[in-house]
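Encoded as structure tokens, the structure appears first; notes follow it.
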Amino acid sequence: MAKNTLTVTDNRTGKQYEIPIEEGGAIRAVRLRDIKTGPDDFGLMSYDPAFTNTASCRSKVTYIDGEKGILRYRGYPIEELAEHSNYLEVAYLVVKGELPNEQHFRAWEENIKTHTMVHENLKAFMQGFRYDAHPMGMLVGTIGAMSTFYPDAKEIMNLESRRLQTRRLIGKLPTLAAWAYRHTRGLPYVYPDNELSYTGNFLSMLFKMTELRYKPNPTLERALDILFILHADHEQNCSTNAMRSVGSSQVDAYSAVAAATAALYGPLHGGANEAVIRMLAEIGSVKRVPEFIKSVKAGERKMMGFGHRVYKSYDPRAKIVKRLAYEVFEVTGRNPLIDISLELEKIGLEDDYFVSHRLYPNVDFYTGIIYQAMGFPMTMFPVLFAIPRTSGWMAQWAEMVRDPEQKIARPRQIYIGENIRQWTPIEKRPAPTMREDAVSDQI
Ligand code: SDX
């Protein structure tokens, strides 16, 4: 019977090594350290910049099959959750691992609503930002500041403390996000209205003006709730990796979520749908699409909203978002930029460059035109991503905290710097010459 092992021959010594292949088709990188040329040899390492082929953990939260375009939260297909569920129920599923029954859902909903209010000093903290502060920058700073309001969060090994911080963060993110938006508009902050749904309350804190009570448009409320479902988790993406890595130092969850939010701020991650809108606006019309495609194929720029580290087929979330766009446009009016998106997608799915690079629309390709049609400024797009992803970050963080195999993250490196050199007094030093390979050291 075939053995579940890898036999490696080190041609430097002729020695053979048998390495077990673990579940999921991985080998433990630390076994490479056994491969040495002599007793003083440190042994081999694996080298994997950006971890393109490295599993950092075992997780039960999200399953993705990039080849088949499959995405499941705790085994449930994203298409079914988007069709039948709501965000709060999906947050429960992502965090706790099972769908709640009616009683548990009501208790969960109550627990989250208990935490929608924010300490008045945090409000004062947010009011200290410049009038034109980017709401994502405000979110990073304010979530980090929350760690000073909840010192109990340092008890990360205490299950009840982890549960309480999870409820606080899921409950408060919409409030902080809405207040960041109101700040950029110079509008008074709107307090939570717990009579509304999770997403309806968020819309109220964003858009309530002088009316006594904000009434969310049900189509937009449902559309945003589905978008929250689609963004709840996505296995070991850049921001989740930040959450796990920073969390591995046993810092409190607020500091780790601030780090994850900072990672999401980047244009290649949560900032992608803002970059998509800028790209569509720059293209300007359908007739200029071929010229733009040419520049992408020439390697002069990327087609934002296309491509994915894992999906080498159509991102299943993008299909749902594309359908949602038309429902939203029924209420808001059609966003003309969608014509350019459709033309880009049509070419992108046919042109050999995109097909050979296995580039397909990802979740960000259509979300931006929906958010824009709903009246959100582009600076709010990554904020709309951070709100729902908080449940995924907290689920992944709790998994890391409980995982007996996990310890403080501390990767190795391949040193390519200078060999030993002796210090010389300043008067004896020549003008430093920047060798061409020193470019990477220049800031
Ligand atoms: C999200 O990880 C997640 O799960 C993230 C996310 C989540 O829910 O958490 O799904 C959300 O962040 C989606 C991705 C949003 N970002 C963008 O849409 C930005 C544009 N996309 C690219 O930057 C890129 O596709 C990435 C970053 C998404 C993935 O990049 P990879 O897997 O590291 O691929 P790569 O950059 O190594 O590119 C491989 C090749 C390169 O060409 P060659 O040098 O081999 O010739 O494909 C090319 C790239 O130039 N390429 C693109 C391209 N993406 C990759 N060319 C044109 N347009 C693109 N969008």
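Please identify, among 427, 327, 89, the residue showing maximal mean-square fluctuation in a Gaussian network model of the chain using a 10 angstrom Cα cutoff.
427
Using the Cα atoms of the stretch 203-243, I'd like the radius of gyration and the largest Cα-Cα distance, Dmax, both in angstrom.
Final numbers for Rg and Dmax: 15.1, 43 Å.
Dividing the Cα convex hull volume of the stretch 5-47 by residue count, how many Å³ per residue is that?
73 Å³
Rank 30, 61 by accessible area, highest first, at a 1.4 Å probe radius? It would help to have the intermediate numbers written out before the result.
Values: 30 90, 61 0 Å².
The residues order as 30, 61, largest area first.
Can you tell me, using C-alpha contacts under 8 Å and at least 6 residues apart, the relative contact order of the chain as a whole percent?
Values: 591 pairs, mean separation 82.9, N = 443.
Relative contact order for the chain comes out at 19 percent.
What dipole magnitude, in Debye to the nearest 20, does the stretch 5-47 give about its Cα centre under +1 on Lys/Arg Cβ and -1 on Asp/Glu Cβ?
Details: 6 positive and 7 negative charges, 21 e Å.
Dipole magnitude for the stretch 5-47 comes out near 100 debye.
At what distance in nm do the modelled label points of residue 300 and residue 406 sit from each other, each positioned 7 Å from its Cα along Cα→Cβ?
Spacing of the two 7 Å Cα→Cβ label points: 4.5 nm.
Suppose R0 equals 60 Å; then what is the FRET efficiency for residue 121 and residue 1 from their Cβ-Cβ distance, rounded to the nearest 0.05?
Details: r = 65 Å, r/R0 = 1.09.
Calculated value: 0.40.
What FRET efficiency would be calculated for the residue pair residue 287, residue 157, taking the C-beta separation as r and a Förster radius of 45 Å, to the nearest 0.05? Walk me through the numbers on the way to the answer.
Details: r = 61 Å, r/R0 = 1.35.
According to the calculation, E is roughly 0.15.
Calculate how large, on average over all directions, the projected area of the Cα convex hull of the stretch 172-224 is; give the answer in nm² to one decimal. Please report the intermediate quantities before stating the final value.
Values: hull surface 14.0 nm².
Projected area, direction-averaged: 3.5 nm².
How much length is gained if the chain between residue 416 and residue 433 is pulled fully straight, taking 0.36 nm per residue apart and subtracting their Cα-Cα distance, in nm to one decimal? Numbers along the way, then the final one.
Numbers: separation 17, 0.36 × 17 = 6.12 nm, distance 1.81 nm.
Here the segment from residue 416 to residue 433 would lengthen by 4.3 nm.
Along the Cα→Cβ direction, 7 angstrom out, place labels at residue 310 and residue 106. What is the inter-label distance in nm?
So the label points at residue 310 and residue 106 sit 3.6 nm apart.
Using Cα positions and a limit of under 20 Å, work out the lysines in reach of residue 294, with same-chain residues fewer than 8 apart set aside.
Partners found: 302, 346.
With a cut-off of 20 Å, note down the residues of the stretch 384-407 whose backbone N falls inside the zone around a label point 7 Å from the Cα of residue 22 toward its beta carbon.
Under cut-off, by backbone N: 396-407.
Could you give me the radius of gyration and the Dmax of the chain, taking only the C-alpha atoms into account and expressing both in angstrom?
According to the Cα coordinates of the chain, Rg and Dmax are 24.5, 80 Å.
The values are calculated or read from the model by the stated rules, or taken from the named source; none is laboratory data. If you're wondering where the values come from, they're calculated on a predicted model, not measured in any experiment. Positions of Cβ are generated from backbone atoms using ideal geometry, with glycine treated the same way; all protein chains shown enter the neighbour counts. Each accessible area value is taken on the protein alone, full model and side chains, heavy atoms only, with ligands, DNA and RNA left out. Shrake-Rupley method; radii C 1.70, N 1.55, O 1.52, S 1.80 Å.
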